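The next block holds one structure in the form of structure tokens; read it before the comments.
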Amino acid sequence: MDQAFEILLVTLEGTIRLSVPLILAALAGLFSERSGVFDIGLEGKMLAAAFGGGAAAAVFQSVYMGLGVAILVSLGLALVHGFASITQRGNQIVSGVAINFIALGATVILGQAWFRQGGRTPALTGDARFQAVELPFADALADIPFLGPIYTNLISGHFVLTYFAFAMVPFTWWVLHRTRFGLRLRAVGENPGAVDTAGISVTRMRYLAVICCGILCGIAGAYLSMAVAAGFVKGMTAGKGFIALAALIFAKWRPVNVMFACLLFGFLDALGILLQGQSLPLIGTVPVQFMQALPYVLTVILLAGFIGKAVPPKAGGVPYVKER
Amino acid sequence: MSAPFGKLPGWVEYGLIPLINLVFAFLVAGLVVLLVGESPLRAASLLIQGAFGYGEGIGFTLYYATNFIFTGLAVAVAFHCGLFNIGGEGQAYIGGLGVALACLAFDGIFPWYLTFVVAIAGSAFFGAAWAFIPGYLQAKRGSHIVITTIMFNFIASSVMVFMLVDVLKPIGSMAPQTRTFTEGGELPKLDWLMSIFGLDIGGAPFNVSFLLALVCCVLVWLLIWRTKFGYEMRTMGHSPTAARYAGMKEARIIIITMIISGALAGMMALNPIMGDQQRMQLDFVTGAGFVGIAVALMGRSHPAGIIPAAILFGVLYQGGAEISFEMPEISRDMITIIQGLVILFAGALEHMFRPAITAFFSSMQGVGRQTRAAGAGE
Amino acid sequence: MDSLAIELRGIDKSFGAVHANKDINLQVRRGTIHGIIGENGAGKSTLMSILYGFYQADAGDIFIGGDKIVIRDPNVAIEAGIGMVHQHFMLVENFSVLENVMLGAEENAILNKGITRARAELKRLEEEYSLDVNPDAIIEELPVGLQQRVEILKALYRGADILILDEPTGVLTPAEADHLFRILEQLRQQGKTIIFITHKLREIMAITDEVSVMRRGEMVATRKTSETSVEELAELMVGRRVLLRVEKGEAEPKDVQLSVENLTVKDSRGVTMVDNVSLNVRAGEIVGIAGVAGNGQSELLETITGIRRAVSGKVMLCNEPIDVTGEADPADLRKRKMAHVPEDRHHMGLVLAFEENENAILGYHYDPEYLNGPMLNLGSIRRHAQETAEQYDIRPPDVRLKTANFSGGNQQKIVLAREMERDPTVLVIGQPTRGVDVGAIEFIHKRIIEMRDAGKAVLLVSVELDEIRSLSDRILVMFAGRVVGERSPDASESELGLLMAGVEEPMEAAE
């Protein structure tokens, strides 16, 4: 029993750790896509931010510099995407694909050139890396049966960015539904004509949305290279940007659903690690790959309309052209 | 993928504009090289040297180009129908199953050319099957094909890891790969072809699947511009309302297009598996499926454009290896950047230079007499 | 009450070669309902878009309440107290009424206060103008009439004194339209100024104080409604045009080749577009359908030709049914000798990126004549295209040229050639001369008459009344999805104009 409880705790702790970058990136995508700009470049932005953050933190020995640079790098790519898809009215999918590749290549090339550690950035220590935050009384309460370990291991002891990510969920909901910015953002993704005739600039709204997306992707990247890991490793996003995209669709573009979808996908990931090589009663060994593929499979099933219907923002993917 | 109808001469539309886009992509890439602290000019000369300077280099260049011709064609076929198939990577990966199964079953019994035939059918079938599902979901259930094909890339990756680790790996082996095929599963090199030009390809795995790729170019050209189905595909791609008016069956066209696209991507697996390694390894596709997007965009979805675009990327892959030998700072990943830049400039920003160019040409010539798009519809 | 709410002086606007507004002068008095009437393409919507800041006029001045202002964008218009109810509602469909009303006029960065205020204000507006609508209802769940009410509320919420309504009754049921009129009446009593754009004479007579008539980009007259009649307005609207002379003999109608019975078609929103329409077309006659665009003609054509699905009704082609509610297939109908020249040649009739010869077989590409097994027989296709290009005088006679590079008239000839030269039994034609130069018009008209004389049954839809009059042997007038009358081509313009404007019994309406 005790052991089972411990395994559960470890799995849930892993779930939280693994779902944080997903939540941040999916919320980033949410801002962009709710404004009508599809973004399959989450992966690239996150990767570039992870590199920029890791590099700057190592060079300046400062976690804040790292975070700042991570955000700036991601923002730069987001603006390229914005320029291509809003100003130039180019294909948003193509632009996203391009950004993923540019980030994938550039992080390795620049990393190697600057640090010569095989695409890694120098290991971060001390002030250059995010430290786990112990919540008050974490030690004191650890011995209380059941609730103690939950508080100490599950709720306390995460990175600032973890708490930030989870706080972003209600905040994003609040922004979308309780602020002027959110109202206009949602409107521009559904019917840009309505926004335009109300005297609001569609271009400006979409750029703002893309900027939000860039900032959040930057933080997601910083989390990867400066919190969970002590530095950037070549290709460290490993498809997380696409899982986040899947989660976003799975959540039907809604913030709270995004959190649950990301937790689900994070849980599947943690479970996959846990079950590796383990034999389960009745089922036998579950291949890790099955768990890895499950988020994607679930998303496809959803997209096929077998479990509810994922209806994207109506004006998504379509550049706005004023009608005659 | 629709472009506004500027009245530009064919050579501008299909030559100059892609060239300008390419030049910009390389200029930005040159900046990256500068940033790294190397000379872009020396890098360029190393690139050319490595790709074309000697027989083996050329052999490798063409070996890589073979991959990209297949995947470029796959993306192009879908483009013509207005579909964006990002799933070439996964379709090629799954296509490998068809090759591997054919070789594992027949390499001891058949001579290579018979195994080859079975492997072609197998790779095309598996690739097509993997593309069929997103195609079907798009046609019948309206699921966005871009998203489903991305998802299928990841699912394919998991499936293949599972197959290689748990199913196809010989007992007692540690490496996640199939056993090495015997002679019946090995494609002959094209050294004889190159020796006509007085070149020795040395150890380069340039093999007969290159010829198959060229045949596929011809077949795709025939399909798109010479068959009834290609006609329907293009109608759909340009104007779904015109297709409906003409009584074409949209769902059927989407599904068949995706099957063809997937089959082409799947056949890419022949080159590395039968032509080079004689076994199937993890991640043998190495991004070729994605390069196909850049190749198709640059080649304007026309086989005659795809071949040079594929060779260009072959040059980048092979010459890039050469550069990284001389300039350790610039690894193969430089190609990934260039690939991204090509996609950006030739794809997402394709209209950026058009207004200026159109203005330039309309001021040059009074009323365009050269409106005839040379080679455009060929 | 005599001060001017709006004055336009010398407004001029061109889109490329199209001169949409020619030196327009307009005076709208405060506290009145001012109608603007005209056919499609008369320039009404362009003029209003200029007033709302969507476009900039090339020349001319705008005065609001006596002050000259430059309306750069909708913001300026909103600030000047102008509100617009668009023909296609500018509403976010998955938003609540409240959210739609607030959009762009939220007051604070955080919505709380704004919401409270908006609720109160909505309540006040509801009471003042009896515009009741649940502020928390989601737009897409509301009937069209209520959606329109939200558009009006949006404008009032922004403090509009001047309300522009662009074809507001197009999507409404008669009951909803009546309700709208009551609302407008009330708004006027509260001192609002209303510009009411329509092509329906009855509505003009019913609610306006003054009416201005536009024709072909010009403002041709302004009248006090009480001092004019439907006949006069219809004539002003349609104009005394020189009837294009088309030489044609008497029709010799034979058997019915196309019959439509009780056809009803709804669009994706469930709005009835074609309402219980019945008609017959006989071999050797041209039946013309007149009407202002958007009265169901397009949907009727698309349903008959198998592109769109009907809700109910029966269509017979040569006494064989067409499954218009189910599986009707344009390809199959072509094989059954129905040819279709669609209204929209750019998106439907042609693929502009194709070579001419490729468009010459669009829809007939399954014909074995053009195929070798699964392959296209390019020799045969191009030879055939070359022949028809000569027959139909398509210029330049270069069948390898991209279709986008042909002029409008020649593009239309490509479609006509394709549909006519295959000896169809029934020919369905939509807008045969839209965007076509004068020389080609004559040619096209002649060909259509030739088809009739060759014994084909021709169903013709056009928004050009003189085209209908000069070609047709019988004229049906469509209005609001229904066939509201049948006339001989000798009927007067004003008689047809009245029907097109929804006045079914001219005598009564003229009271």
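Annotations for the structure displayed:
- Per-region count, the stretch C:358-370, residues farther than 14 Å from B:Met233 by Cα and either hydroxyl-bearing (Ser, Thr, Tyr) or in contact with a His (Cβ under 8 Å, 6 or more places away or on another chain) (or both): 5
- Residues being farther than 18 Å from A:Gly317 by Cβ, at the interface with chain C (Cβ under 9 Å from one of its Cβ atoms) and either polar (S, T, N, Q) or touching a residue at least 60 places away in the same chain (Cβ under 8 Å) (or both) - total across the stretch A:158-194: 1
- Within the stretch B:337-367, the set of residues being of a type in the set (A, V, I, L, M, F, W, C), more than 20 Å from the chain's Cα centre (by Cα) and within 8 Å of chain A (Cβ to nearest Cβ) comprises B:Leu349, B:Met352.
- Check on C:Glu93, within 30 Å of the chain's Cα centre (by Cα), among the acidic types (Asp, Glu) and within 14 Å of chain A (Cβ to nearest Cβ): yes
- Qualifying residue in the stretch B:49-61 (condition: in a helix (DSSP H, G or I), within 14 Å of chain A (Cβ to nearest Cβ) and crowded, with 22+ Cβ neighbours inside 10 Å): no
- When we screen B:Ser157, B:Ser173 for residues that are within 14 Å of another protein chain (Cβ to nearest Cβ) and within 25 Å of B:Ile94 (Cβ to Cβ), the only hit is B:Ser157.
- Residue, nearest to the chain's Cα centre (by Cα), within the stretch C:389-408, restricted to residues that are within 14 Å of chain B (Cβ to nearest Cβ) and in a helix (DSSP H, G or I): C:Gly408
- Total residues in the stretch A:290-302 satisfying the condition of being within 7 Å of chain B (Cβ to nearest Cβ) and surrounded by 20 or more Cβ atoms within 10 Å (Cβ to Cβ): the figure is 5.
Yes/no matrix, rows are residues, columns are (1) more than 29 Å from B:Ile337 (Cβ to Cβ); (2) touching a Leu at 6+ places or on another chain (Cβ under 9 Å); (3) free of Cβ contacts under 8 Å to residues at least 12 places away in the same chain; (4) surrounded by 14 or more Cβ atoms within 10 Å (Cβ to Cβ):
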position	(1), (2), (3), (4)
A:Asn100	no, yes, no, yes
A:Ala103	no, yes, no, yes
A:Gly111	no, no, no, yes
A:Trp114	no, no, no, yes
A:Arg120	no, no, no, yes
A:Leu124	no, no, no, yes
A:Ala128	no, no, no, yes
A:Ala132	yes, no, no, no
A:Leu147	yes, yes, yes, no
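- Of all residues making up the stretch B:107-138, the number that are in a helix (DSSP H, G or I) and either within 14 Å of chain A (Cβ to nearest Cβ) or farther than 14 Å from B:Gln91 by Cβ (or both): 19
- Residue match in the stretch A:219-234 (condition: within 13 Å of another protein chain (Cβ to nearest Cβ), under 21 Å from A:Ala48 (Cα atoms), out of contact with any strand residue (DSSP E or B) (no Cβ under 9 Å at 6 or more places or on another chain) and in contact (Cβ under 8 Å) with a residue 24 or more places away in the chain): yes
- No other residue among A:Ser85, A:Ser35, A:Ser74, A:Ser19 is of a type in the set (S, T, N, Q), buried (at least 24 other Cβ atoms within 10 Å of the Cβ) and at the interface with chain B (Cβ under 8 Å from one of its Cβ atoms) apart from A:Ser85.
- Residues in the stretch C:449-468 that are aliphatic (A, V, I, L, M) and within 23 Å of the chain's Cα centre (by Cα): C:Val458, C:Leu459, C:Leu460, C:Val461, C:Val463, C:Leu465, C:Ile468.
- Answer residue from the stretch B:288-336, given it is among the charged types (D, E, K, R) and part of a loop (DSSP other than H, G, I, E, B) and is farthest from the other protein chains (Cβ to nearest Cβ) among those: B:Arg300
- The stretch C:416-437 residues that are closer than 17 Å to C:Glu302 by Cα, paired with ones that are in a loop (DSSP other than H, G, I, E, B) and among the β-branched types (Val, Ile, Thr) (beta carbon under 7 Å, 6 or more apart): C:Val428/C:Thr305; C:Gln431/C:Val463
- Filtered residue count, the stretch B:198-249, keeping only those that are free of Cβ contacts under 8 Å to residues at least 60 places away in the same chain, buried (at least 17 other Cβ atoms within 10 Å of the Cβ) and outside any helix (DSSP H, G or I): 5
- Any hit, the stretch B:260-277, residues being in contact (Cβ under 8 Å) with a residue 12 or more places away in the chain, within 12 Å of the chain's Cα centre (by Cα) and part of a loop (DSSP other than H, G, I, E, B): yes
- Contacts under 7 angstrom Cβ, first residue in the stretch C:152-163 being within 13 Å of another protein chain (Cβ to nearest Cβ), partner among the charged types (D, E, K, R), 6 or more apart: C:Tyr157/C:Glu121
Here is a yes/no grid of residues against (1) crowded, with 23+ Cβ neighbours inside 10 Å; (2) at pLDDT below 90; (3) in a helix (DSSP H, G or I):
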| position | (1), (2), (3) |
| --- | --- |
| A:Ala227 | yes, no, yes |
| A:Ala230 | no, no, no |
| A:Ala238 | no, yes, no |
| A:Ala244 | yes, no, yes |
| A:Trp253 | no, no, no |
| A:Val258 | yes, no, yes |
| A:Ala261 | yes, no, yes |
| A:Gly266 | yes, no, yes |
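- Of all residues making up the stretch A:108-157, the number that are assigned to a helix (DSSP H, G or I), away from chain B (no Cβ under 14 Å) and small (Gly, Ala, Ser): 5
- Single residue of the stretch C:367-387 satisfying the filter (in contact with a Leu (Cβ under 8 Å, 6 or more places away or on another chain) and within 9 Å of another protein chain (Cβ to nearest Cβ)) that is nearest to C:Leu333 (Cα to Cα): C:Tyr370
- Candidate set: the stretch C:340-388, residues that are more than 37 Å from the chain's Cα centre (by Cα) and in a loop (DSSP other than H, G, I, E, B); chosen: the one surrounded by the fewest Cβ atoms within 10 Å (Cβ to Cβ): C:Gly373
- Matching option when the condition is within 14 Å of chain A (Cβ to nearest Cβ), surrounded by fewer than 22 Cβ atoms within 10 Å (Cβ to Cβ) and not hydroxyl-bearing (Ser, Thr, Tyr), among B:Pro9, B:Pro40: B:Pro40
- Candidates C:Thr208, C:Thr198, filtered to the one that is in contact with an Asp or Glu (Cβ under 7 Å, 6 or more places away or on another chain) and closer than 26 Å to C:Ile152 by Cβ: C:Thr198
- Taken together, the residues in the stretch B:71-109 that are surrounded by fewer than 24 Cβ atoms within 10 Å (Cβ to Cβ), farther than 17 Å from B:Gly347 by Cβ and small (Gly, Ala, Ser) amount to 2.
The values are calculated or read from the model by the stated rules, or taken from the named source; none is laboratory data. If you're wondering where the values come from, they're calculated on a predicted model, not measured in any experiment. Using ideal geometry, Cβ is built from the backbone for each residue, glycine included, and neighbour counts are taken over all protein chains shown.
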